[in-house]
Ligand SMILES: C[S@@+](CC[C@H](N)C(=O)[O-])C[C@H]1O[C@@H](n2cnc3c(N)ncnc32)[C@H](O)[C@@H]1O
């Protein structure tokens, strides 16, 4: 892990803690990824050798930074999608400060429509960290876009199991995918495309 990137991540996580503590409404909070879940994403990206990396839910770019640093090791690239233009501007500043601008493309778009526009089997690693209740309406694109050997990761599998359950059901009904749940951060639901 690059020390400059790690310092930027630490600073954004600390700023997010201060910011989120002042916001009563969940949707006003930045809700950035926990450090252990970020480290797990970094590890997984490198283990998969992921080059085509998609994330839905940029916020201030904490998960983007973990993924982009790992992408430097795989020769990969991150497409980060969010509906919030201002949040992505902050994330872009953080990615530039970390020296990772060449590894990330930001796009303001709905996650479902962005996934619907991607070719079959074109994604090595897909990270879903947006509104969990919307994921089922995006089906089958989260599975369709994965290459064989590609991995889908959905955050909040343990913090909000009821909200993740419909996605888990769709994944488990799809004979091409195998799931597991990892107890880092708020819990990561993983699906491997076989
Ligand atoms: C939990 S935050 C993402 C945190 C980020 N991954 C990080 O580690 O810093 C959720 C983000 O999802 C975005 N979002 C919500 N619904 C979305 C949708 N339908 N498409 C794309 N982004 C969406 C929100 O604007 C918000 O910035």
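Values quoted throughout were computed directly from the atomic coordinates according to the rules given, and no laboratory measurement underlies them. Just so we're clear, the structure is a prediction, and the values are computed from it rather than from any experiment. In this analysis, Cβ positions are derived from the backbone assuming ideal geometry, glycine residues included, and neighbour counts consider all displayed protein chains.
Residue separation of residue 34 and residue 46 scaled by 0.36 nm, minus their Cα-Cα distance, works out to 2.5 nm of gained length. When you count the other C-beta atoms within 10 angstrom of each residue and take the mean per peptide, 170-176, 148-154 line up highest first as 148-154, 170-176. Considering only 72, 147, 18, the mean-square fluctuation computed in a Gaussian network model of the chain, springs between alpha carbons under 10 angstrom, is largest for 18. Expressed as a fraction of 2.2 N^0.38 Å, the C-alpha radius of gyration for the range 104-194 is 1.00. Calculated from the alpha-carbon coordinates, the range 6-120 shows an Rg and a Dmax of 13.7, 42 Å respectively.
If you take the Cα centroid of the range 1-57 and the Cα centroid of the range 80-96, the two points sit 13 Å apart. Each principal axis of the Cα cloud of the chain was taken in turn, and the coordinate range along them, longest first, works out to 42, 39, 29 Å. Add -39500 (n - 2.57) for each DSSP H run of 4 or more in the chain, then divide by its residues: what number comes out at 222 nm, to the nearest 500 deg cm²/dmol? That calculation yields -13000 deg cm²/dmol at 222 nm.
Take every DSSP beta bridge whose two residues both sit in the chain; close to 35 percent of them are antiparallel.
Across the range 105-184, the relative contact order, built from alpha-carbon pairs under 8 Å that are at least six residues apart, equals 29 percent. Annotation: peptides 179-188, 24-33, 59-68, ranked by per-residue average of other Cβ atoms within 10 Å with the highest first, follow the order 59-68, 179-188, 24-33.
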